[in-house]
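Peer 1: Got a structure for you, written out below as structure tokens; questions coming shortly.
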């Protein structure tokens, strides 16, 4: 497992795909480590140099040496440090959910490092409704533990169709039970605190980077209105709405989702 020391963190990451190909940095969301990209990274790595990594306070990266609350921008600073460690000057960024907020921070704060940005099932400003939901989840995690939080969150992430698939829920529970470096309540609370404080909506019109916004038509966690706000605010942004999927579109409609992501990246790079 390669490690990049960035500030107070030892960031765990993986790099796959052909050397010399355009670089894609994949950023995951709240409570999720890089393994969550297991249905996307191999497909993207057929065409692009693909970087996946564990954010601060999750997975093999863990908490670092400076335990304190932090804003969303801290995640973006960590990502830039990883690119510096790898000698990557510019990357295409794909961010999902909270990873999409990190992608927005990267596009706003380091436009010279971002070739394009794909913002998936995310939001531009934490409104009172989303703030209340995230606070509720923090309480569940703290009082009942990670499994209770996960089972609650999955009801918001997946549509009813997912639960009709035999063995899918049991598979998720087995994966959670077998996971090493399980997130603690304190780690989750710091990540969630950053998410609750996120607000870049008024700054998004300054983004001049090619942008693809992808949303699930039935997303309960980050409803379509959030993606519509992002796409309306960023000049020239493309909005793709996937039917009959929710927040977990990468698992429920993997092939279609991958095609949307890879298609946009190919347009931007001319990759075969």
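Values quoted throughout were computed directly from the atomic coordinates according to the rules given, and no laboratory measurement underlies them. Since the structure is predicted, the reported quantities are computational estimates derived from the model, not experimental observations. Cβ sites come from the backbone with ideal geometry, for glycine too, and all protein chains shown count toward neighbours.
Peer 1: Given that compact globular proteins tend to follow 2.2 N^0.38 Å, what is the ratio of the alpha-carbon Rg of the stretch 3-269 to that value?
Peer 2: Cα Rg divided by the expected 2.2 N^0.38 Å: 0.93.
Peer 1: Once every DSSP H run of n ≥ 4 in the chain is given -39500 (n - 2.57) and the sum is divided by its residues, what mean residue ellipticity at 222 nm do you get, rounded to the nearest 500 deg cm²/dmol? Don't skip to the answer; put the middle values down first.
Peer 2: On the way: 11 runs with 117 residues, N = 272.
Helices in the chain give a 222 nm mean residue ellipticity of -13000 deg cm²/dmol.
Peer 1: Over the chain, with a Gaussian network built from C-alpha contacts below 10 Å, which listed residue (171, 145, 99) shows the highest mean-square fluctuation?
Peer 2: In this elastic network of the chain, the residue with the biggest mean-square fluctuation among 171, 145, 99 is 171.
Peer 1: On the Cα set of the stretch 96-136, report Rg and Dmax in Å, please.
Peer 2: Cα only, the stretch 96-136: 11.9, 37 Å (Rg, Dmax).
Peer 1: Right, next: Which distance in nm do the two modelled labels at residue 244 and residue 206 give, with both placed 7 Å along the Cα-to-Cβ direction?
Peer 2: Each label point is offset 7 Å from its Cα along the Cβ direction, giving 4.3 nm.
Peer 1: Which residue, 73, 190, 225, tops the fluctuation ranking in a GNM of the chain built on C-alpha contacts under 10 Å?
Peer 2: Of 73, 190, 225, the Gaussian network model singles out 225 as fluctuating most.
Peer 1: Here is a further query. Antiparallel as a % of all DSSP beta bridges within the chain, to the nearest 5?
Peer 2: So the antiparallel bridges in the chain amount to around 30 percent.
Peer 1: Name the shape class, rounded, prolate or oblate, that the alpha-carbon gyration tensor gives for the stretch 86-206, where a ≥ b ≥ c are the square roots of its eigenvalues, rounded holds for a/c under 1.5, and otherwise prolate holds if a/b is larger than b/c and oblate otherwise.
Peer 2: prolate
Peer 1: So, in Å, what gap is there between the alpha-carbon centers of the stretch 195-272 and the stretch 13-55?
Peer 2: 17
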